[in-house]
Amino acid sequence: MFATGTTMVMVRNKKLDRHASTEFLESPTALKLAFCFCFVVFFSAVSLVLWAWLHVEWYMGLIDWFFGLIAAGFVRRNVRVSDLFFFGPPTLIILNAALWAWKK
């Protein structure tokens, strides 16, 4: 979530490194998609926090948040920006759907 959100904001603000950027990510279409994907990331974050609050102990939610920040650093270093742009939001939607469908 954190890595995808950072990528969307960087595309939206045109702050991508030249070596990481592609022609598509600098296009007006990518800017519009990044704006929509920012909403997906934001509402996924809200949904995941709400799910954690309802289904796990409060400290587990904080621990998961902390490990998510650490994992985002590894993901940002090892996954291409274009892959995060295209596969990040669908992955968040699938994760949310799977968690909300899971019965405890």
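Each reported figure results from applying straightforward, stated rules to the coordinates on display, with no laboratory input. On a predicted model such as this, the values are computed, not experimentally measured, just so you know. Note that each Cβ is placed from the backbone with ideal geometry, even for glycine, and that neighbours are counted across all protein chains shown.
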(message) I'm checking my understanding of the structure. Among residues of region 36-70 that are closer than 21 Å to Ala101 by Cα and among the β-branched types (Val, Ile, Thr), which one is surrounded by the fewest Cβ atoms within 10 Å (Cβ to Cβ)?
(response) Val46
(message) Just to be sure I understand the filter: pairs with C-beta atoms under 6 Å, separated by 6 or more residues or on different chains, first member in region 60-82 and under 26 Å from Lys15 (Cβ atoms), second member assigned to a helix (DSSP H, G or I) and of a type in the set (S, T, N, Q). Which pairs pass?
(response) Val81/Thr7
(message) Being β-branched (Val, Ile, Thr), out of contact with any Phe, Trp or Tyr (no Cβ under 8 Å at 6 or more places or on another chain) and surrounded by 12 or more Cβ atoms within 10 Å (Cβ to Cβ) is the filter here; which residues of region 9-35 pass it?
(response) Val9, Thr22
(request) Go through region 1-17 residue by residue and tally those that are in a loop (DSSP other than H, G, I, E, B) and closer than 15 Å to Ala45 by Cα. (result) 1
(request) Name every residue in region 83-103 that is farther than 22 Å from Asn13 by Cα and either under 10 Å from the mean Cα position of the chain (by Cα) or surrounded by 15 or more Cβ atoms within 10 Å (Cβ to Cβ) (or both), in order of residue number. (result) Thr91, Ile93, Leu95, Asn96
